[in-house]
Each structure stands twice: as structure tokens, then as C-alpha cells.
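To start, the structure under review is shown below, and the notes come after it.
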Amino acid sequence: MDEMSEVFESVARYFSLLSEPARLRILHSICQQEKSVGQIVEESGMTQTNVSRHLNMMYQAGALKRRRDGAMAFYSVSDATLTEVCRSVCVRVSAELDGDKKLKRSFKDLIDELR
């Protein structure tokens, strides 16, 4: 079991990227195409400081790619597996939702956008 400890630690760190709703909003914003920090701020409704903090964390973890063009930074998903995991979980959660039609519709819209 000791040889698996490092694997389990790494998997836990990987999943921790998905444990914050703000990071999920960011992934939702850039899952289809590269976007500037300003575009991500606008689409997510979060502050630039908060978006930048989460983008940096996800970039450092290797989940995102960053491209600089002058003073602007553009981000995209570098790990398609992360998007696939999000999609799978959203499908699962959506299937479980049967009480709140509006929330279920929101998940369906999210899933459709991730496809």
C-alpha cells in the first residue's frame, strides 16, 4: 500500500482543483477556448484579484496554459482530463437533481456548453 501513497496524494491534489466553485466557474469560462483575464472576470462575475489568484493556482498545478501578449495574459485548459472529469460529475449531479427544475436546467446548459 505504501507505493500507492504518493499516487493517492497526487490524485487528492488534482481533485482539490475542482473543490472550489470559483475554479469551476473559471473552467466553465475557458473550457471551449482561450480567454483573457478580463473576459474571464466578466463571464465569471468575480473580481480580477480573485480570478487571478485562482488562475495562478491552476496554472501552477499544470491544469491551465498561459499565453502573454504584451501586458495581457490569456488562459486555456491544458489538461483535457480536467474538463472531462468536470463534465462527468456535472452529468452525474444533473441526473440526481429532480426537485429544482431551474437548477437542473442550469446544469443541463453547463453540460451542453462543455460538449
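We did not get these values from a lab; they are worked out from the coordinates using the rules stated. Small disclaimer: the values here were computed from a predicted structure and weren't measured. Glycine also receives a Cβ, built like all others from the backbone with ideal geometry; neighbour counts cover every protein chain displayed.
A few notes on this one:
- Close amide H pairs (under 5 Å, H built 1.01 Å from N) link Val77 with Lys65, residues at least 5 positions away or on another chain.
- Unit charges at the beta carbon, dipole of region 25-81: most positive-side option, Gly45, Leu55, His28: Leu55
- Alpha-carbon radius of gyration plus Dmax, which is the widest Cα pair, for region 1-93 in Å: 14.1, 49
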